[in-house]
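Here the structure comes first, spelled out in structure tokens, and everything after it is commentary.
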Amino acid sequence: MMESEKQSTRFEIIAKGITIWVIIILAEIIHGILRAIILVPNVGEFRSNQIGVFTGSAIILAIAYFTIRWIGAKSRLELLMVGAIWLFFTVTFELCFGRLVVGLSWERLGADYNVLNGGLMPIGLLVLFFSPMITVKLRDVRK
């Protein structure tokens with residue numbers, strides 16, 4: 001493959017990866033609204049966030065599973081690139097939305113990332129980052 005074709009293919013993978021990230025973030029917003037309505041009144045916000053890491057990870061894996069072929073990422077580098085894009089946009093969105101829209105303090109935002117105090121967000125972010133690779137492996141096993 002010529003260098004210009006590689007660049008064109010990588011650009012398409014990036015563009016498709018961003019498109020799927022929009023779907024992921026919309027699904028996560030709906031997920032967050034449902035958690036706020038159903039879980040928060042029953043288990044509290046922090047516990048709801050902990051549970052949400054696992055249910056959110058399942059949502060992300062499902063979306064990745066059904067879209068990874070369309071994205072076109074095949075090599076380990078391309079799959080990690082898609083995961084890195086999803087990770088970057090998600091953290092940026094979460095911090096900007098939490099701080100600028102919801103008005104959360106930096107301490108409150110950081111609480112979800114503090115594993116030593118029960119914050120499980122880093123686990124969810126690892127699943128997000130590796131979900132393209134995980135789902136490619138799952139799709140290969142099912143062939």
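Just a few scattered comments:
- Take every Cα pair under 8 Å whose residues are at least 6 apart in sequence, average their separation, divide by the length of segment 5-143, and the relative contact order is 32 percent.
- Apportionment of accessible area to carbon and sulfur, the chain, percent (1.4 Å): 71
- Close amide H contacts of G119 (hydrogens built in the peptide plane, cut-off under 5 Å, sequence separation of 5 or more or a different chain): N114.
- Pairwise label distance in nanometres, T19 with I38, each label 7 Å out on the Cα-Cβ vector: 3.0
- Along principal axes, Cα extents of the chain, largest first, whole Å: 54, 34, 27
- Accessible-area value, D140, 1.4 Å probe, nucleic acids and ligands omitted, Å²: 80
- The order of the peptides 89-98, 75-84 by mean Cβ neighbours within 10 Å, most packed first, is 75-84, 89-98.
The values are calculated or read from the model by the stated rules, or taken from the named source; none is laboratory data. Keep in mind that this is a model prediction, so the values were computed, not measured. For neighbour counting, all protein chains shown are included, and Cβ atoms are generated from backbone atoms with ideal geometry for every residue, glycine included. Please note that ligands, DNA and RNA were not included when accessible areas were found on the heavy atoms of the full protein model with its side chains. Shrake-Rupley method; radii C 1.70, N 1.55, O 1.52, S 1.80 Å.
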